[in-house]
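The values are calculated or read from the model by the stated rules, or taken from the named source; none is laboratory data. This one's a predicted model, so the numbers in the text were calculated from it and none came from an experiment. Cβ atoms come from the backbone with ideal geometry, glycine included; neighbour counts cover every protein chain shown.
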Amino acid sequence: METLYTCKIWESNDLPHLLSYLDHLDTEARSRFGPHAFTAETLLQLYHSSAYKGFLLIENRSTYIIGYAIIRLGYFEHDLLRFHSYSYYPDYNSTAMYAPSLASEWRNKGLGKTLWYSVEDYLKQLQVKKVLLWGGVQENNLTAVHYYKKLGFETLGRFEMNSMWNLDMCRSL
């Protein structure tokens, strides 16, 4: 049976295609997915940093990027006080941050799991033990909250940002 989708780690020649993918995200996705600026300069900086790794989900027939996830090894220092308020004390060297997205027409087809499993395999190879959602998930994004719970993420606590409630969620590997 032919595989319909491929998940791969980004390469430098993927960055222009990734920028196009990000530019074409619908308004809802853009309002919910914002781990970094959607600029060529930012993508290059992230690509050349050993702390970050991008994963692309590609539809094989068209070779279009239909999903993207970025991970950051460790965590952001500015999040630490919030994590501590939940009595959660992550170990920097065995923690990663995770931020996925899927193009709107490809959602609710099980492809988010495909993207996650590729990221999970990679993180296990690096001996990462805990994965935190990068910036949390908006509490009113019930589809995403359900998706993360199905993957085994657990809620650590909630916080307000930009007048919206968000959930910090974590998963053990």
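From the list Tyr68, Tyr89, pick out the single residue that is of a type in the set (Phe, Trp, Tyr), surrounded by fewer than 13 Cβ atoms within 10 Å (Cβ to Cβ) and in contact with a Leu (Cβ under 9 Å, 6 or more places away or on another chain).
Working: Tyr68 fails: surrounded by fewer than 13 Cβ atoms within 10 Å (Cβ to Cβ).
Selected residue: Tyr89, the only one of Tyr68, Tyr89 that is of a type in the set (Phe, Trp, Tyr), surrounded by fewer than 13 Cβ atoms within 10 Å (Cβ to Cβ) and in contact with a Leu (Cβ under 9 Å, 6 or more places away or on another chain).
It is to be established whether one or more residues within the stretch 102-111 are over 17 Å from the mean Cα position of the chain (by Cα), acidic (Asp, Glu) and under 22 Å from Thr155 (Cβ atoms). It would help to see each step written out before you state the result.
Here is the first cut: in the stretch 102-111, the residues over 17 Å from the mean Cα position of the chain (by Cα) are 105, 109.
Restricting the remaining residues to those that are acidic (Asp, Glu) gives 105.
The next check asks that each one be under 22 Å from Thr155 (Cβ atoms); those that pass are none.
Scanning the stretch 102-111, I find no residue that is over 17 Å from the mean Cα position of the chain (by Cα), acidic (Asp, Glu) and under 22 Å from Thr155 (Cβ atoms), so the answer is no.
Among the candidates Glu154, Glu160, single out the residue that is of a type in the set (Asp, Glu) and either in contact with a His (Cβ under 7 Å, 6 or more places away or on another chain) or free of Cβ contacts under 8 Å to residues at least 12 places away in the same chain (or both). Can you show your working first?
Values: Glu154 fails: either in contact with a His (Cβ under 7 Å, 6 or more places away or on another chain) or free of Cβ contacts under 8 Å to residues at least 12 places away in the same chain (or both).
From the options Glu154, Glu160, the qualifying one is Glu160.
What pairs come out if I take residues in the stretch 1-26 that are over 14 Å from Ala103 (Cβ atoms) and pair them with residues that are surrounded by fewer than 12 Cβ atoms within 10 Å (Cβ to Cβ) whose C-beta lies under 6 Å away, six or more apart or interchain?
Leu4/Asn60; Thr6/Asn60
For the stretch 44-65: of the residues being among the charged types (D, E, K, R) and surrounded by 15 or more Cβ atoms within 10 Å (Cβ to Cβ), which is nearest to the chain's Cα centre (by Cα)?
If we filter the stretch 44-65 for residues that are among the charged types (D, E, K, R), which is where we start, we get 53, 59, 61.
Adding the requirement that they be surrounded by 15 or more Cβ atoms within 10 Å (Cβ to Cβ) leaves 53, 59.
Working: Lys53: 10, Glu59: 19 Å.
Result: Lys53.
Restricting to the stretch 137-173, name every residue that is part of a loop (DSSP other than H, G, I, E, B), at pLDDT 95 or above and over 12 Å from Arg32 (Cβ atoms).
Leu151, Gly152, Phe153, Leu173
Just checking, which of Ser85, Ser94, Ser62 is within 15 Å of Arg171 (Cβ to Cβ) and of a type outside the set (Lys, Arg)?
On the way: Ser85 fails: within 15 Å of Arg171 (Cβ to Cβ); Ser62 fails: within 15 Å of Arg171 (Cβ to Cβ).
Checking each option against the conditions leaves just Ser94.
State yes or no: is Gly112 in contact (Cβ under 8 Å) with a residue 40 or more places away in the chain, closer than 21 Å to Asp26 by Cβ and outside any helix (DSSP H, G or I)? Please lay out each step first, then the result.
On the way: in contact (Cβ under 8 Å) with a residue 40 or more places away in the chain: yes; closer than 21 Å to Asp26 by Cβ: yes; outside any helix (DSSP H, G or I): no.
Against the criterion (in contact (Cβ under 8 Å) with a residue 40 or more places away in the chain, closer than 21 Å to Asp26 by Cβ and outside any helix (DSSP H, G or I)), Gly112 does not qualify.
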